[in-house]
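One structure is given below, encoded as structure tokens.
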Amino acid sequence: MENIEYCYYLYKVEKYNSKELESIFEEGIISYKGCSIDSLMVRADEFSLEKLKEINGYEAIYVIKIPKCFMEPLIKNSQIEERPIPIWLPITKKENNDTIVARLPKEYVYGIYLKENDAFCENYNHFYIHDPAGYEFDEAQVKYFFEQKCLSWHKYAKVRSGRSTEYLYNSDVKNEVWKEAKEEYNELFNKEISKKNNL
């Protein structure tokens, strides 16, 4: 992977308050619509301050920035070339085990655009990867696996969605499920950071 690409999403807020800002920067975004980023936010082609200024009807817009390799990994001949990472931590589930409340980690909250101040404030907790132990895949990720005929990952994502958060976390930690992926991505992203700092 030579150049890191990102998926951007806009989480629009009609009424802004500073307590909510602090909570989202510190803890992430809560979804009451399950593990579906598309049901909560709008995808953007890029991060553009000028385009944010053109959006009306909202006091604030949170910008979510997730590595594209997590959401839409490169797949060749139905085989994963880049390791996808689940992005939702389930908080509560219905009796049929469908997620109803989940948290998107703070690491992917890139920042917030405040309409009143006409300014963008970057999140001090923003990073490129979180600890995915216990997390579930987004519905868009699951759909992508299926559309790309990567059925082993599609099945794996479905199995994870049927497990409790506690079970997933304990199993992930015990079996070091994400250890290799975290090490690989941390090295990759740290190189990217160093490259930018040296510009």
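The values are calculated or read from the model by the stated rules, or taken from the named source; none is laboratory data. Keep in mind the model is a prediction, meaning the values are calculated, not measured. All Cβ positions, even for glycine, are placed from backbone atoms using ideal geometry, and neighbour counts span all protein chains on display.
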Q | region 110-168, subset assigned to a loop (DSSP other than H, G, I, E, B) and of a type in the set (D, E, K, R), residue farthest from ILE55 (Cα to Cα) | A | ARG163
Q. How many residues does region 65-88 contain that are farther than 17 Å from PRO132 by Cα and either touching a Phe, Trp or Tyr at 6+ places or on another chain (Cβ under 8 Å) or not in a loop (DSSP other than H, G, I, E, B) (or both)?
A. 4
**Q.** Among the candidates ILE85, ILE64, ILE75, residue that is touching a residue at least 12 places away in the same chain (Cβ under 8 Å) and over 22 Å from ARG103 (Cβ atoms)
**A.** ILE75
Q) So which residues in region 7-41 are under 13 Å from the mean Cα position of the chain (by Cα) and aliphatic (A, V, I, L, M), if there are any at all? A) LEU10, ILE29, ILE30, ILE37, LEU40, MET41
(Q) I'm told TYR108 meets every condition in (1) under 29 Å from SER18 (Cβ atoms); (2) touching a Lys or Arg at 6+ places or on another chain (Cβ under 8 Å); (3) at pLDDT below 95 except one. Can you identify the failing condition by its number? (A) (3)
(Q) Being farther than 17 Å from GLU139 by Cα and crowded, with 21+ Cβ neighbours inside 10 Å is the filter here; which residues of region 61-94 pass it? (A) ILE61, TYR62, VAL63
Q: Looking at (1) under 28 Å from ALA60 (Cα atoms); (2) of a type in the set (A, V, I, L, M, F, W, C); (3) out of contact with any Phe, Trp or Tyr (no Cβ under 6 Å at 6 or more places or on another chain), find the lone condition where VAL159 falls short.
A: (1)
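If you take the residues of region 169-195 that are hydrophobic (A, V, I, L, M, F, W, C) and within 15 Å of PRO86 (Cβ to Cβ), which of them is modelled with the lowest pLDDT?
If we filter region 169-195 for residues that are hydrophobic (A, V, I, L, M, F, W, C), which is where we start, we get 173, 177-178, 181, 188-189, 193.
The next check asks that each one be within 15 Å of PRO86 (Cβ to Cβ); those that pass are 173, 177-178, 181.
Numbers: VAL173: 97, VAL177: 97, TRP178: 96, ALA181: 93.
The extreme case among them is ALA181.
Table: residues versus (1) modelled with pLDDT under 95; (2) assigned to a loop (DSSP other than H, G, I, E, B); (3) more than 17 Å from GLU136 (Cα to Cα).
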residue: TYR9; (1), (2), (3): no, no, yes
residue: LYS15; (1), (2), (3): yes, yes, yes
residue: LYS19; (1), (2), (3): yes, no, yes
residue: SER23; (1), (2), (3): yes, no, yes
residue: GLY34; (1), (2), (3): yes, yes, no
residue: GLU50; (1), (2), (3): yes, no, yes
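Based on this model, can you work out whether SER78 counts as small (Gly, Ala, Ser) and over 26 Å from ALA181 (Cα atoms)? Spell out the reasoning first.
On the way: small (Gly, Ala, Ser): yes; over 26 Å from ALA181 (Cα atoms): no.
When the stated conditions are applied, SER78 does not pass them.
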